[in-house]
Structures are given as C-alpha cells and as structure tokens.
C-alpha cells in the first residue's frame, strides 16, 4: 500500500470515529441550538465524503482508469474494484453537496443519513484497505 493510500484510509477511519463521538447524545434540538456542533458535524461529513472520493480516485488510478467528472460518478466507477458497497455510499455525495452549497439551510436529515450509513462507510474503508494491500 502506498503512503497516500494509507494516509487516506487512516484519515477516513479517524473521521468516522470522530463523527461517532460527536453524535453521542445528539438530537435534532441540540443540533439546531448549537452552531458549533453543526459546524463540526457538517465539516466532518464533508471530510468523510471527500476522503471516500479520493480513495475511489486512487483505486481508479491504480489501474490506469480515467477519473470521471463528478464525485458520484467517481465513486460509482470504483465499483469494479470495491464492489457493491459503493452503491451504498455514492449517494452520500448528494448530502455533502447539500451541506456545503446550502449552508444557510440547516438540514438535520443529512446528519441522520450519514449517521445511518456509518457501517457502509466502514465497509467501504475495509474494502479499500483490502484492495490496496
């Protein structure tokens, strides 16, 4: 495994754990009331999703494949190497886009969606770790 690939996987795993810690005891009311926690959760989701896209790009580069124009297409193009787990995590790109581009809109549902996909994100990381090994 190359150093960049190892760093990406470690960052993803650390970010998942951080997100989980910040979600402990979190509910909709606290999320809406606490601007700091909103910023932390939103940024962490952004980091997680960008990292998964970077990992998908690394998979494609490893086999000399071109990188698609969109993040979601990049995720889906890595299916050949990472398997069906990409179908579970690729839609998260939409939630990242909503968080980043609709920053005036507070959207608890995006947080819940990512929280509910934690196991899929972990499976993506595990699959990528096996692929790069």
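What follows is calculated from the coordinates using simple rules that are stated; it is not laboratory data. Treat the numbers as computed from the prediction; the structure is a model and nothing was measured. Counting neighbours? That spans all protein chains shown, and the Cβs are built from the backbone with ideal geometry, glycine included.
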Seminar exercise, completed: Quick calc: nm separation of the 7 Å Cα→Cβ label points for residue 43 and residue 18 -> 0.8
For this session: Can you tell me the alpha carbon radius of gyration of segment 3-132 divided by the globular rule-of-thumb value 2.2 N^0.38 Å?
Result: 1.05
Seminar exercise, completed: Rounded to the nearest 10, the angle in degrees between the Cα long axis of helix 92-101 and the longest principal axis of the Cα atoms of the chain comes to 50
Exercise. Pairing the Cα long axis of helix 118-132 with the longest principal axis of the chain, what angle in degrees results, from 0 to 90 and rounded to the nearest 10?
Worked result: 20
Problem set entry | Nearest 10 degrees, 0 to 90: helix 3-23 Cα axis against the chain principal axis | 20
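Given the peptides 33-44, 7-18, arrange them by the average over their residues of other C-beta atoms within 10 Å, most packed first. Intermediate results must be reported in sequence, preceding the final value.
Values: 33-44: 14.7, 7-18: 17.1.
The densest-packed peptide leads the list: 7-18, 33-44.
So for the chain, averaging the separation of alpha carbon pairs under 8 Å that are six or more residues apart and normalising by length, what relative contact order in percent results? Before the final figure, lay out each step's value.
Values: 116 pairs, mean separation 43.1, N = 133.
Over the chain, the number comes to 32 percent.
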